[in-house]
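One structure is given below, encoded as structure tokens.
Taken together, the values in this text are just the output of simple stated rules run on the coordinates, not laboratory data. Note that this is a predicted model, so its numbers are computed, not measured. As a convention, Cβ positions derive from the backbone with ideal geometry for all residues, glycine included, and neighbour counts pool all protein chains shown.
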Amino acid sequence: MPNNSELFAMELTVSALTDQIKKTLNNNFNDLNIVGEVSNFRPSSIGHWYFTLKDKDASISVVMFKTNTWRCERPLKDGDQIVVTGALDVYPPRGSYQIICTNIKFVGLGNILAQLEERKRAYAKAGWFDAQYKKTIVKIPKKLGIVTSVTTAALQDVLQVLDRRAPSLDVIIIPAVVQGAGAGKTIARAIDIANEYMLCDQLIVTRGGGSIEDLLPFSEDCVLQSILTSKIPIISGVGHEIDWALSDFVADLRAPTPSAAAELASSGIFDAIEKNRELKFNINHSLENKLNFFKERTLHFDKHILQSLILNKIDSLLFRMANSENDIERSIDSKIENINYRHLSIKGDINKNMDESYNNTNYHFKDIQNSIANSVDSKINGGRVYLTQLKSELNSNVERRVDQSGYDSERIKNELLRNFENKISYISQKNDELKNVYQNNIDKIYQKSFSQFKLTKAELSALSPTSILDRGYSIAQDENGNIVSSINQIHKDDLLGIRVKDGSIKVKVE
């Protein structure tokens with residue numbers, strides 16, 4: 001390299017001069033540590049970082065190649081205060097000098113973020129962010145608590161969202177300082193008070209956007225401890241979408257903004273309101289369609305059609321009444337036939353000397369049977385007469401009211417239809433009640449009569465001589481078939497017959 005006198009005596013090209021400057025800078029300005037603020041940060045598509053490092057009086061270009069960017073703990077952004085480690089170099093095509101950066105350390109805000117990241121990793125390792133500590137967010141809260149400053153715009157945003165989405169939700173504001181020295185303790189205390197007195201069943205811990213220093217209270221240990229131990233589910237909504245605090249990770253649910261936190265807290269109520277509104281609309285729409293349908297049908301009614309409709313329904317009701325009458329009669333006949341069959345069976349088992357008792361019982365049953373039949377005939381005839389009168393009355397009403405006036409025919413039709421439907425409903429109800437009463441009475445009488453016959457049969461069977469044989473006893477008879485009841489009735493060499501339950505045994509007296 002030429003000395004200064006030689007250098008000044010020579011005629012140099014631009015390239016030669018630039019080369020001399022480059023060698024001088026490379027030999028004397030390496031392993032530098034330069035403090036400054038990042039400006040005009042421009043990452044390239046292939047991974048290199050280009051930016052300007054400046055202070056209040058000067059600036060210098062910096063390049064950090066892709067092979068070294070991984071060393072940086074986070075991407076750069078304009079405004080970061082950093083310490084750049086590298087060497088001074090010249091870029092010949094432009095004749096400018098720049099720093100070739102090999103490492104970056106953050107200072108100021110960079111240190112705060114580095115500390116937060118370090119604490120975040122420590123809390124994560126301790127399990128504070130684990131799913132096992134997450135409480136289920138209440139879908140439809142009865143009372144919502146909001147921990148924030150009463151003077152912030154964030155509170156107004158939250159209240160506006162809640163008023164729009166869940167106007168019936170009861171809200172309680174638990175004041176806290178959200179910025180500055182001692183703010184973290186007031187936030188933690190507000191959360192503890194809500195839990196101590198169970199002021200609500202859902203909590204929002206929130207504040208608006210700000211600098212990283214402004215959001216630091218929501219990353220303090222006392223706040224995180226209160227969130228972790230809270231019995232009330234907590235939604236954290238701190239700052240804008242790009243902001244974050246450690247409370248976001250400890251809370252049961254994270255919201256990107258205060259407004260988003262309000263939407264999450266009111267989602268269940270909002271969904272219920274929407275479903276109710278949809279259901280109401282569907283019901284109204286269905287009712288409107290049905291009303292229009294019946295209105296259209298009513299407009300086409302005239303006197304003869306209406307009269308025919310009413311008469312057809314009355315005839316249908318009479319037919320149902322007749323069928324009910326037939327059902328009742330068939331039921332009575334079936335019950336009577338069944339009871340008579342049982343009478344015959346019992347009568348066959350009873351000894352001939354019990355005929356008088358059976359005849360008395362049979363006479364009593366026939367008397368009950370006749371009473372039932374007379375009662376049923378009387379009530380059915382009464383119902384038939386009533387329906388015939390109703391038919392005549394409705395015929396008369398139809399003729400008289402429809403002929404009253406043309407302009408009032410619509411009201412008359414509606415009135416007749418309502419009266420007809422009410423009477424038809426009443427008649428149907430009475431018919432069903434009558435049928436049930438008859439059926440129940442028949443069943444009760446049948447059960448009572450059958451129980452009497454069973455009791456009579458048991459008593460008669462107990463008195464029958466044959467029942468004694470079933471219990472292991474026997475009956476002795478002489479050759480003439482006379483029952484031997486004393487030893488004085490027999491003599492030696494007499495032949496006797498011993499009757500047991502399944503036959504007779506011949507014996508000889510010795």
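Points worth noting:
- Taking 509, 171 and counting other C-beta atoms within 10 Å, the order from fewest to most: 509, 171
- Rounded to the nearest 5, the antiparallel percentage of DSSP beta bridges internal to the range 4-107 is 90%.
- Karplus-derived HN-Hα couplings along the range 232-241 (A = 6.51, B = -1.76, C = 1.60, θ = phi - 60°), whole Hz, x at Gly and Pro: 8, x, 10, 10, 9, x, 10, x, 8, 4
- In this structure, the amide hydrogen of residue 103, modeled 1.01 Å from its nitrogen in the peptide plane, lies closer than 5 angstrom to those of 85, counting only residues at least 5 positions away or on a different chain.
- Relative contact order (%) - the range 1-139, alpha-carbon pairs under 8 angstrom, separation at least six: 21 percent
- Note on residue 60 and residue 315: the model spin-label points, each 7 Å out from Cα along the C-beta direction, lie 11.4 nm apart.
- Which of 493, 315 has the fewest Cβ neighbours within 10 Å, and the rest in rising order: 493, 315
- Nitroxide proxy distance, nm - points 7 Å out along Cα→Cβ at residue 42 and residue 288: 6.2 nm
- Once you reduce the range 82-122 and the range 178-236 to the center of their Cα atoms, the two points are 35 Å from each other.
- Among the listed pairs 139/275; 454/506; 143/231; 56/105, those beyond 25 Å (Cα-Cα): 454/506
- The gain in end-to-end length when the residue 225 to residue 296 segment is fully stretched comes to 18.6 nm, 0.36 nm per residue minus the alpha carbon separation.
- Amide H within-cut-off set for residue 48, under 5 Å, with H built and near neighbours excluded: 66
- Going by neighbour counts of Cβ atoms within 10 Å, the residues 227, 100 line up, fewest first, as 100, 227.
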